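The values are calculated or read from the model by the stated rules, or taken from the named source; none is laboratory data. Small disclaimer: the values here were computed from a predicted structure and weren't measured. Every residue, glycine among them, receives a Cβ derived from its backbone with ideal geometry; neighbour counts consider all protein chains shown. When the accessible area is computed, the model is the full protein with side chains, heavy atoms only, and any ligands, DNA or RNA have been set aside. Shrake-Rupley method; radii C 1.70, N 1.55, O 1.52, S 1.80 Å.
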Amino acid sequence: SLLFTRAFRKSHATMATPAMSNICANFEEVGQAFAQHYYQQFDGDRSQLGPLYNETHSMLNFEHSASRPGQFKGAQSIVEKLVSLPFQRVQHQVVTIDTQPTPNGGVLVFVCGNLLIDSETQPQKFAQTFQLMPTDSVGLPAGSYFIFNDVFRLNVG
């Protein structure tokens, strides 16, 4: 998304602090643009989410627990999991987005919202956390971010 790319380019103006350098100065803008792009793509065609992940470094925990393993590593494995979810239509309604800068230019994005699946009228509550990292932090060409960590959880009970 153009907005997401613009936000990234601005982020390379780093905050200068003696204790930590290379902090994303516009982490809020990056996180907001990312979340908008991610959920728009997920709701439209989740099979196209692969470019947001990295084959070597990305990891997804999807409703993961010891009794129900749900941990996936690499873009291909992650997208296969997302495509295999047992619904045809989905609509994410983002309620809150919290963002924080992390070392090495990363951005932590925590999203809470509602999930409408297929013809359901009662939304399910969800929480999702993303750790975004600049592509150049893993030796890829600079200019964008990828999802390093993704943790998804339905809020039930």
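A few comments on the model shown:
- Segment Glu120-Glu63, length gained on full extension (0.36 nm per residue, minus Cα span): 18.5 nm
- Per residue, the average separation of C-alpha pairs within less than 8 Å and at least 6 apart gives the stretch 57-99 a relative contact order of 27 percent.
- By the helix-only formula, in which each DSSP H run with n ≥ 4 contributes -39500 (n - 2.57) and the sum is divided by residues, the chain has a 222 nm mean residue ellipticity of -7500 deg cm²/dmol.
- Heavy-atom accessible surface of the chain: percent carbon and sulfur, 1.4 Å: 55 percent
- Among residues other than Phe62 with Cβ under 11 Å from its Cβ, the summed charge is +1 (Lys and Arg +1, Asp and Glu -1).
- Relative contact order (%) - the chain, alpha-carbon pairs under 8 angstrom, separation at least six: 23 percent
- Compared with the dominant principal axis of the Cα atoms in the chain, helix 2-11 is inclined by about 40°.
- Accessible-area order (highest first, 1.4 angstrom probe) of the listed residues Asp150, Asp136: Asp136, Asp150
- Over all pairs of different C-alpha atoms, the stretch 117-157 has a mean inverse distance whose reciprocal, the Kirkwood radius, equals 12.7 Å.
- Solvent exposure of the chain, expressed per residue, is 54 Å² of accessible area, with all protein chains present and a 1.4 angstrom probe.
- Rolled with a 1.4 Å probe across the full set of protein chains, the surface gives Thr56 an accessible area near 90 Å².
- The listed residues Leu154, Leu49, Leu140, once ranked by accessible area (1.4 Å probe) with the largest placed first, stand as Leu140, Leu154, Leu49.
- Among the chymotrypsin sites (Phe, Trp or Tyr not before Pro) in the stretch 61-96, those placed in a DSSP loop whose Cβ has at most 16 other Cβ atoms within 10 Å are Phe87.
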